[in-house]
Amino acid sequence: MPDTILEVKNLKACFHLDEGQLRAVDGVSFAIQREETLGVIGESGCGKSVTALSILRLLMPPGKIEGGEILYYSDDNQVTDLAKLHPNGEQIRKIRGKEIAMIFQEPMASLSPVHTIGAQMMEFILLHNPGMKKNEAQEIALDMLNKVGVSNPALRLQNYPHQLSGGMCQRVMIATALSCNPRLLICDEPTTALDVTVQAQIIDLMEELQAEMGMSMLYITHDLGVIAEVADEVAVMYLGKIVEKCDVKTIFKKPMHPYTQRLMQSVPKLGSRQEMLDTIEGTVPIPIGMGAQCGFYSRCSHAEEGSCSRRSPALVEVEPGHFVRCFKYGSVEEGYLESANQI
Amino acid sequence: MTKQADVIQKEEKYYVATQWQLMRQKFVKHKLAMAGLVVLALLYTLGIFSDFFATQDYQKRNTRYINAPPQRIRFIDADGHFHLRPFVYGLTQEMDPETWRRTYVEDTSVIQPIRFFVRTDTYKFWGLFDANIRFMGVDEGPFFLFGTDGSGRDLFSRVMYATRISLTVGLVGVFLSFVLGCVFGGISGYYGGKIDMVIQRVIEFLLSIPTIPLWMALAAALPKDWETIQIYFAITIILSMVGWCSLARVVRGKLLEVKQKDFVIAAKLAGANDWQIITRHLLPSFMSYLIVSITLAIPNMIIGETALSFLGIGLRPPVVSWGVLLQDAQNVRTINLHPWLLIPAVFVVVAVLSFNFLGDGLRDAADPYK
Amino acid sequence: MGSYIFNRFCYMLISIVLMSVVAFIIIQLPPGDYLSSYIMQLQASGERVDPAQVESLRRQYGLDLPMYQRYFVWVKNMLRGDFGRSFDWNMPVRTLIASRIPMTVAVSLVTMLFTYLVAIPFGIYSAVKQYSIVDYIVTVLGFVGLAMPNFLLALFLMIFFQRVFGFSPGGLFSPEYLNAPWSFARFVDMLKHLPVPIIVIGASGMASLMRVMRSSLLDEIKMKYVTNARAKGLKERVLLFRYPVRVALNPILSSIGWMFPQILSGATITAIVLNLPTVGALMYRALLSQDMYLAGTCVLFLTVFTLVGTFISDILLVCADPRIRFD
């Protein structure tokens, strides 16, 4: 039985805008192992959410998947390339919610304002369990709400989203997502919109549930602290590309890519008497009509005129299990590797 | 590389452009709105200089040409010769011996070239000073581009004058609504509390009344012996009585929204007084929305006036507005016989459409950061 | 919930009282009172005026009292069912209005129903298939509907029907059925006459409703909860109708509040042009002949009708949108 549950290969997604093609995801590859968590980290606008939406084929026009494969390994060892499926077809709908569930950033906005919590939860439970009776579905919903620590679940089922707090809504979202026992849970910044204390509770809860239900997770965030807590493996994204990938310990102990290093430095450390926080100067450039160059070139302090400004580095394994995309570590130009078929 | 620099430059331009610059850019992109703007500019020009564009006195009765059809402007005559100067044929009247109905046929033997900036009889421009030049005319004989009505009055000239009246009714009415709306909406939104409650209830009440019956009742109650100018203003006041409500709501809503914004609080902390805050900070921040509401309110005024006048309880002859002109086209029989009497309707529809397009474009442009 | 309805009800009552004041002022606006017109009318028809009868009428309508007291007499009479007399028709106002109420209510409600039945599906379709041919047609028709004044549309349709179908759509009945008792043939005849008034009255409302439906659905489709529901594996069509359409219907529902005045407004002017037997046309005639008791009562009736309609729509809205229930 293979250990991999989802494998993304060279995924490319574009937005066709009036100003030109915006390459939101530009050749991303990663794999998620059974019962493990892949953390994806990066600034806003680096393509994390687009990657997540692409997996479930939820990318809406003007966004479009341009290439690559999204291989899903189901329980019975069937391999499906999600990227080839019809975005609203029967097959992908069977996978959505049932096999791969997703939790979004803003819990309040992700629930319909005019339906009760119970109606929304039960709709999905019944959808993926045809033939189930209504009261059975309600039992499951109650059970799940109990599990995620919602107080007085029977009452909550009658409530509307606006009557709950943000944290409570996110618990409901989690309960809904888990009510069909998905094998993979994609979390797109599930705690960003919440208070810090609530954040911690939700993260603990998700770790607990993951262990209990034995599912894999793709956890997207821009918060290094969260990553340290939940992830087994970490991928750092910048400008639609993965710039560094390794296990969670290594990334904190020995970050190699200049971007990752700066990211680590921008976190305030307890006990240090720094006056100013280190920040990364500038903002993420908009990836429209950019020529071949390292995406981080404009903000990198190690950048070298010539190599970095004219060629785009490839992701290479610098140490066992540690992939970096930077000429500093002897990376070669992108395309060279692909033609040599080494990845 | 240069491509990227271009993008960055574009982006910077976007960030440093003022709000009005962005709005203009966005507005110019809206094709329909631009078309509306051009058409309206044209109509208002016709309206303002209607004495000049009219081909004759709009009250003059041409007793020889009653219910004459529009004359076509031609370049090619019956023999196939091309004329550089456009011309119209003369008209001859024929009487149907059985039905006694008058019909008109073009007299192809009489070619009347159209001359521009012609000298005619003296008229009072804007009722103020004497003038005797009109935009176009013929040397002699009939010249009825839109035909004539049952009294032999030239419809083209009448439409020109009506354009002035109908378009200004909208403007004056909206100006009144604007003043009322700003005052009441401003008081309501800025001070809040009990005053706000009362004003809001009054507005709700006024908005729940069906407008046409109320307008009709009020307009019908105007004394019969009033001067035309009194009637004109009375009608605009009646029209704006309901119009100000929605404007007041916009003002109030925006005020409430903006009042809590940091820049207003900052101004307060800096010691600005109420007046300064309202005029320097609050008003500019939602001026664009007000302009949109005003633009969309004008067509309603125009339709209101036209409807009232059409029913004979709005403006009264000798004042002509589009509605007054359409009174002649009240029944199907007349329209079947003299379809050109509906020409003023085209002007109404075009003007109202243009205002709607313009308002739509302005609404999109009003929020350029979207 | 209960207290909200109670508040709305009280507010409606206050509005009706206010409106009765406005109607009363309208009645009083023209120079001369009702009685002098009545006497003049009697004299014109050569009848002898009985001073005792004049005196009793004067007392009945309180015409010798100051204005504000007269108002109360008027209201008191109305509550007893006496709305005054129409000297133009020489009939009690009550009989006149009562004979026209069923048609007025029927035409308004049918138009309302038709407006929503057309506007909602087309609004949904043009939002879902944005920039399709149907979307463009809907947009253009929407603009025309907004720009075309009711009475012009009525004129155009009348000409169109006469030229194409060869019958005049004026009125609600053909002449032979005008005073006939209700029968199936009369009903069919009415159905033949109904489309024109309904289209005319409904056009502008339909146009704005379609635009509201389209734009609010376009907004809702982009909402997070739609993506979330899609991520759960719901079918596109089920998803569309269960979530965004359901939410986008709320502004439509609340539009009943302003649709009612608009439709009655449009119905008034259309009734005049098309000569429909409704209160609006009655009012027009009354206004022209300065038959003020009749005119004032018509205004009062039309507004009370809208106020009640708005009240009902507000309650519907509270039932449909849980978000405003606890405000």
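For chain B, a Gaussian network of Cα nodes joined below 10 Å ranks B:Lys194, B:Lys259, B:Lys60 by mean-square fluctuation, and the top entry is B:Lys194. Dipole magnitude for chain B: computed about the Cα centre from +1 point charges on Lys and Arg Cβ and -1 point charges on Asp and Glu Cβ, it is near 1080 debye.
Checking the a/c ratio against 1.5 first, then a/b against b/c, what shape does the Cα gyration tensor give for segment C:93-198? It comes out prolate by the Cα gyration axes. Net charge dipole, chain A: roughly 380 debye, given to the nearest 20, about the Cα centre with Cβ charges of +1 for Lys and Arg and -1 for Asp and Glu. List the residues of segment A:161-189 whose accessible area drops by at least 50 Å² when all protein chains are present, compared with their chain alone, using a 1.4 Å probe and counting only protein heavy atoms. Listed by number, the residues meeting the 50 Å² cut-off are A:His162.
Estimated purely from DSSP H runs of n ≥ 4, each contributing -39500 (n - 2.57), the mean residue ellipticity at 222 nm for chain A is -8500 deg cm²/dmol once divided by its residues. Calculated on the alpha-carbon coordinates, the convex hull of chain C measures out at 183 cubic angstrom per residue. Interface B-C: total buried accessible area of about 3400 Å², 1.4 Å probe, protein heavy atoms only. Across the options C:Val226, C:Val212, C:Ala98, the greatest Cα extent toward the positive end of the charge dipole of segment C:93-326 (unit charges at beta carbon of Lys, Arg, Asp, Glu) belongs to C:Val226. If only the Cβ of Lys and Arg carry +1 and only the Cβ of Asp and Glu carry -1, the dipole of the protein assembly as shown around its Cα centre is close to 1800 debye.
The interface between chain C and chain A buries about 2400 Å² of solvent-accessible area in total (1.4 Å probe, ligands and nucleic acids excluded).
Structural size metrics of chain A, computed from C-alpha coordinates, are Rg and Dmax of 20.9, 67 Å. Chains A and B together bury roughly 500 Å² of accessible area, counting both sides, with a 1.4 Å probe on protein heavy atoms only. When the Cα positions of A:Val316, B:Val159, C:Asn7 are compared along the charge dipole of the protein assembly as shown, B:Val159 comes out farthest toward the positive end, with charges on each C-beta of Lys, Arg, Asp and Glu.
The residues of segment B:269-348 expose on average 38 square angstrom of accessible surface per residue, using a 1.4 Å probe on protein heavy atoms.
Note on A:Lys134: lysines with a C-alpha under 19 Å away, same-chain residues under 8 apart excluded, are A:Lys98, C:Lys232. Computed from label points 7 Å out along Cα-Cβ, the spacing between A:Thr279 and C:Ala52 is 9.9 nm. Tilt of helix B:155-191 relative to the longest C-alpha principal axis of chain B, in degrees (0 to 90, nearest 10)? Roughly 10 degrees, rounded to the nearest 10. Compared with the dominant Cα axis of chain C, that is its longest principal axis, helix C:292-320 is turned about 30°. Global dimensions of chain B from alpha-carbon coordinates: Rg and Dmax equal 26.1, 89 Å. Using a/c under 1.5 as the rounded threshold, could you call the protein assembly as shown rounded, prolate or oblate? The axes a ≥ b ≥ c are square roots of the C-alpha gyration tensor eigenvalues, and prolate needs a/b larger than b/c, oblate otherwise. Prolate is the answer for the protein assembly as shown, as a/c is 1.5 or above and a/b outweighs b/c. Which listed residue (C:Ala203, C:Gln69, C:Ile124) has the Cα farthest towards the positive end of the charge dipole for the protein assembly as shown, taking +1 on Lys and Arg C-beta and -1 on Asp and Glu C-beta about the Cα centre? Toward the positive end, the furthest listed residue is C:Gln69. Its residue count N fixes a reference of 2.2 N^0.38 Å for segment C:148-254, and the Cα radius of gyration divided by that reference is 1.65. Annotation: peptides A:38-49, A:147-158, A:314-325, ranked by per-residue average of other Cβ atoms within 10 Å with the highest first, follow the order A:38-49, A:314-325, A:147-158. Alpha-carbon geometry of segment C:72-144: the Rg and the Dmax are 22.1, 61 Å, given in that order. The modelled label-to-label distance for the pair A:Asn129/C:Asn7, using points 7 Å beyond Cα in the direction of Cβ, is 4.2 nm.
For a straight C-alpha distance cut-off of 23 angstrom, the lysines reachable from B:Lys60 (same-chain residues fewer than eight places away being disregarded) are B:Lys124. In straight-distance terms, cross-link reach from A:Lys328 covers every one of the lysines whose alpha-carbon lies under 29 Å from its own, apart from those fewer than eight places away in the same chain; here that gives A:Lys9, A:Lys12, A:Lys48, A:Lys241, A:Lys245, A:Lys249, A:Lys253, A:Lys254, A:Lys269, B:Lys3. Modelled spin labels at B:Arg115 and C:Asn90, positioned 7 Å past Cα toward Cβ, are 6.4 nm from each other.
Here, P(r) means the percent of Cα pairs in each 5 Å bin from 0 to the largest distance; for segment B:158-365 it is 1, 7, 14, 16, 16, 14, 11, 8, 6, 4, 2, 1, 0, 0, 0.
Computed as a quarter of the hull surface, the mean projected area of the alpha carbon convex hull for segment B:71-143 stands at 6.9 nm². Relative to the compact-globule estimate of 2.2 N^0.38 Å, the Cα radius of gyration of segment C:116-164 comes out at 1.39. Compared with the dominant principal axis of the Cα atoms in chain C, helix C:133-147 is inclined by about 20°. Solvent exposure of segment C:93-326 amounts to 40 Å² per residue of accessible area, where only protein heavy atoms count and the probe is 1.4 Å. Computed from the C-beta positions of B:Phe175 and B:Met287, the FRET efficiency with R₀ = 22 Å rounds to 0.90.
The values are calculated or read from the model by the stated rules, or taken from the named source; none is laboratory data. For clarity, every value in this text was computed on a predicted model and none was experimentally measured. All Cβ positions, glycine included, derive from the backbone under ideal geometry; neighbour counts span all protein chains shown. The protein model used for the area step is the full one, side chains on, heavy atoms only, and it has no ligands, DNA or RNA in it. Shrake-Rupley method; radii C 1.70, N 1.55, O 1.52, S 1.80 Å.
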